[in-house]
Amino acid sequence: MVKNLRLNAENQAETKLASAIGTSDTVITVDDSTVLPPVPHRLTIYDSTSDEIVEVTAVDTTTDEITVERGKEDTIAQTWDSGSSIENRFTRGTYNEMLGLEDRKKYEDTIVGGYDQLGNRGYPVLSWEKTQESVTEDWKVFYKPAYDPHDNLQHKESYITRKTVSVTSNYTASDRDIVIADGAITITLPTPSSEAFVDVKNVSTSDVTVDGNGNNIDGSASYTISTQYENISLVSDGTEWWTL
């Protein structure tokens, strides 16, 4: 069973506030509501110093009014001036909902039938447990064995574990880390190994440097993430790192 995705998205879905809003306003007028994806979706209101994530529950394209739930994903409802930017971005909450993790301490759901990495017949299951409140999130994909009268193999569970880490100072990543970097810091990659992978996202307005730890990244010793909210995925071939 494939899990239906709740939140919608659209490329280049960006507009501006047509009028100022206060912290308690839940109906917002924008310059152009027709660029927004179908509801529900999430928007980020932002300026050069701050941002707020809202969830859109209704859109009136005649009046360009949108109805929202304020202060999502640990952001705070704020006062915003007319002309503030508002954009449909790929956020942590959107990512977690894709995995079925949003606002859950434990979640398990069969997503598709098939075989595991060892060739065992079964059903891959997404299982997640929050191990440190608001700091580290671990999840694994493992295969639940399925009974087959024609298969006498002993089924085993195979799994992939990933960890999300939010950092504000220099950090040395481990294989399969998802690093949320905030500030002018350096993220040092682990020693390359076959099929190792790391994700890094810059949530600050400063440059985040990804250091290859003596090994090249796309042929260079380091990679700079210079745009706020930009992210890169890196995979190793056992010798070097490559961005995807």
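So here's what we get for this one:
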quantity	calculated
Flag for residue 77 being surrounded by 15 or more Cβ atoms within 10 Å (Cβ to Cβ), of a type in the set (Gly, Ala, Ser) and on the phi < 0 side of the Ramachandran plot	yes
Failed item in (1) modelled with pLDDT of 95 or more; (2) out of contact with any helix residue (DSSP H, G or I) (no Cβ under 6 Å at 6 or more places or on another chain), with residue 94 passing the rest	(1)
Any hit, segment 138-145, residues being closer than 22 Å to residue 92 by Cβ, out of contact with any helix residue (DSSP H, G or I) (no Cβ under 9 Å at 6 or more places or on another chain) and at pLDDT 50 or above	no
Residue match in segment 12-20 (condition: among the hydroxyl-bearing types (Ser, Thr, Tyr), modelled with pLDDT of 95 or more and either under 11 Å from residue 85 (Cα atoms) or part of a strand (DSSP E or B) (or both))	yes
Matching residues in segment 212-231 - criterion: being within 27 Å of residue 87 (Cα to Cα) and either in contact (Cβ under 8 Å) with a residue 60 or more places away in the chain or outside any loop (DSSP other than H, G, I, E, B) (or both)	223, 224, 225, 229, 231
Segment 21-50, subset surrounded by 14 or more Cβ atoms within 10 Å (Cβ to Cβ) and among the hydrophobic types (A, V, I, L, M, F, W, C), residue farthest from residue 76 (Cα to Cα)	35
Conditions (1) touching a residue at least 24 places away in the same chain (Cβ under 8 Å); (2) closer than 23 Å to residue 180 by Cβ; (3) out of contact with any Pro (no Cβ under 8 Å at 6 or more places or on another chain); number of the one not met by residue 71	(1)
Strands (runs of 3 or more DSSP E) wholly inside segment 160-211 that include at least 3 residues being among the hydrophobic types (A, V, I, L, M, F, W, C)	177-181, 194-202
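The values are calculated or read from the model by the stated rules, or taken from the named source; none is laboratory data. Computed from a prediction, not measured in an experiment: that's the story for all the values here. Every residue, glycine as well, gets a Cβ built from its backbone with ideal geometry; the counts of neighbours run over all protein chains shown.
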